[in-house]
1. Please determine whether any residue of segment 92-109 is at negative phi, exposed (fewer than 15 other Cβ atoms within 10 Å of the Cβ) and assigned to a loop (DSSP other than H, G, I, E, B).
2. Go through segment 28-57 and report how many residues are buried (at least 17 other Cβ atoms within 10 Å of the Cβ) and assigned to a loop (DSSP other than H, G, I, E, B).
3. Taking segment 1-42 as the search range and keeping residues that are closer than 15 Å to L133 by Cβ and free of Cβ contacts under 8 Å to residues at least 40 places away in the same chain, which one is nearest to the chain's Cα centre (by Cα)?
4. State yes or no: is L76 in contact (Cβ under 8 Å) with a residue 12 or more places away in the chain, part of a helix (DSSP H, G or I) and under 28 Å from E218 (Cβ atoms)?
5. When the residues of segment 188-214 are narrowed to those that are of a type in the set (V, I, T) and within 28 Å of the chain's Cα centre (by Cα), which ends up modelled with the lowest pLDDT?
6. Inspect all residues belonging to segment 122-144 and state whether any of them is of a type in the set (S, T, N, Q) and surrounded by fewer than 18 Cβ atoms within 10 Å (Cβ to Cβ).
7. What pairs can you find where one residue is in segment 146-158 and more than 18 Å from I131 (Cα to Cα) and modelled with pLDDT under 75, the other is surrounded by 13 or more Cβ atoms within 10 Å (Cβ to Cβ) and among the charged types (D, E, K, R), and their Cβ atoms are less than 7 Å apart, with a gap of 6+ or different chains?
8. For I151, only one of the following conditions fails: (1) under 26 Å from G62 (Cβ atoms); (2) touching a Lys or Arg at 6+ places or on another chain (Cβ under 9 Å); (3) among the aliphatic types (A, V, I, L, M); (4) not assigned by TED's automatic domain parsing to the domain that holds K235. What is its number?
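The values are calculated or read from the model by the stated rules, or taken from the named source; none is laboratory data. Everything numeric in this text was worked out from a predicted model, so none of it was measured. So basically every Cβ, Gly included, is an ideal-geometry build from the backbone, and we count neighbours across all protein chains shown.
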Amino acid sequence: MYNDHRWQQLADELGIADIDVDLLVQALSHASYVREGGGAAYESNQRLEFLGDAVLDAIIAGELYQRFPQASEGWLTRAKSAVVQAANLADVARKLRLGRYLRLGQSEENTGGRHKTSVLADSLEALVGAIYLSGGYQRTREFVVAHFLDIIDEVEDESLRDAKTTLQELCQSLTQSVPEYVATGRTGPDHAPVFTVEVRLGGQILGTGHGGSKQRAEQAAARDALASRDKWSDKLGGCLTGPGNA
């Protein structure tokens, strides 16, 4: 048992005061530390890292699935990979100041292990595994969402810009015309409105989207149009011609 006050202090700082402190210590114990101390491999954070990686993937996948109801499987896969890439995991670990608490072997310490992206990313995954074993899935989800929300938003903003650009380029290639976005409704209270937008071209509705702002609704409509392009692209290309095709 680890009763060192600093470990409980760390748990309090991380907002996980109920975590099993033994698991917290293990999550921050690098293989080099255990190896140089003559311990067994399973005493390092590698097993927790394995578990945390799977749990983190599941939580991020679930969040993306809920936030992007019209996104394709391929896009969701790419978005998840973008969110959980090592650089992002290490950034979260740095914000949590995990590097100060890492237990490293002298060899790893001498090569700057406390600041290495790979070491920090692995320690964060191990921490997620420790939280999962201590508090279950929902408790872990709360922790992950709290610390990854900004990263998810960045992926969302980038993807939405890409959707509108991709749709515009597709429409121009078919018709030499650009689509228009038409607001068709608004529901919900003033503090949490939901807008509905249709994207149209040549009188044809290509897609419909909903969002907390007109911009997000427009971008959701673009994603919907791209997801259903097989239903309208041939028809659109045949019935519309741009100036250069007249």
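1. No: zero hits.
2. 4
3. Among those that are closer than 15 Å to L133 by Cβ and free of Cβ contacts under 8 Å to residues at least 40 places away in the same chain, it is A11.
4. Details: in contact (Cβ under 8 Å) with a residue 12 or more places away in the chain: yes; part of a helix (DSSP H, G or I): yes; under 28 Å from E218 (Cβ atoms): yes.
Taking the combined requirement at face value, the residue satisfies it.
5. Looking at the filtered set, the residue picked out is V194.
6. Of segment 122-144, the ones of a type in the set (S, T, N, Q) are 123, 134, 138, 140.
Next, only the ones that are surrounded by fewer than 18 Cβ atoms within 10 Å (Cβ to Cβ) stay: 138.
There is at least one residue in segment 122-144 that is of a type in the set (S, T, N, Q) and surrounded by fewer than 18 Cβ atoms within 10 Å (Cβ to Cβ).
7. E156/R67
8. Single failed check for I151: (2).
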